[in-house]
Amino acid sequence: MNPVVFLAQEGEEMNPLLPAWPEVIIGLICFFIVFGFLGKKLLPSIEKVLSERRDAIEGGMERAEAAQVEAQALLEQYRAELAEARHEAAKIIEQAREQGAAQLAEMREEGQRQREAIVAAGHAQIEADKKQATAALRQDVGSLASQLASRIVGESLEDHARQSGVIDRFLTELEAKAAVAQGAAK
């Protein structure tokens, strides 16, 4: 039977807001047992989980800050290396330009020397050819002149020494007259 019904039958008036004392004592004992169990077993594991979470969060934030600082340092290092590489590239390009200009000047000088050597060799060859042609011409003119003189005089001018002297004197006079004519023309 229900205790409330039992008390109501005895004639006492029961207040629905106030429980019976034995129920209050049993409820308090059960409360303290549950509270003690929670305090001894469940609360430390909850605190442990919360502590681990707090450490993980704070550690994660510290690791994130450290990683950010490290990333910033690496970024600065990369920027410095990039600037150094650009400077080095500019330096190499400038050296290459200077070397190219020096090689170009050297090649021009070499070309100038070769041109002058070729021109000098050409002048020497022309001079040699001119002397050879002059000597051949003198011989031919002398021979023709002596043949002509032999026909005119009617006797043979076979004396070679005398013939050479006459021919040389004649050609020298012709060259002198030609030089005077050129000097007067200028």
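The values are calculated or read from the model by the stated rules, or taken from the named source; none is laboratory data. Computed from a predicted structure; not experimentally measured. Please note: Cβ atoms are built from the backbone with ideal geometry, for glycine as well, and neighbour counts cover all protein chains shown.
Pull out all pairs, ordered by first then second residue, where Cβ-Cβ is under 8 Å, the residues are six or more apart or on different chains, the first lies in the stretch 26-53 and is without any contact (Cβ under 8 Å) to a residue 12 or more places away in the chain, and the second is surrounded by 10 or more Cβ atoms within 10 Å (Cβ to Cβ). From residues that are without any contact (Cβ under 8 Å) to a residue 12 or more places away in the chain, the pairs are Gly27/Pro19. Scanning the stretch 110-149 for residues that are under 15 Å from Asp168 (Cα atoms) and charged (D, E, K, R), we see that the one that is modelled with the highest pLDDT is Lys131.
Among the conditions (1) exposed (fewer than 10 other Cβ atoms within 10 Å of the Cβ); (2) over 30 Å from Asp168 (Cα atoms), the only one that Ile152 does not satisfy is (2). Just checking, which of Ile33, Ile57, Ile29, Ile46 is at negative phi, surrounded by 10 or more Cβ atoms within 10 Å (Cβ to Cβ), at pLDDT 95 or above and among the β-branched types (Val, Ile, Thr)? The unique qualifying residue is Ile29.
Return the residues of the stretch 62-81 that are basic (Lys, Arg) and within 27 Å of the chain's Cα centre (by Cα); say none if nothing qualifies. Quick ask: steps written out before the conclusion?
Going residue by residue through the stretch 62-81, those that are basic (Lys, Arg) are 63, 79.
Scanning the stretch 62-81 gives a single hit, Arg79.
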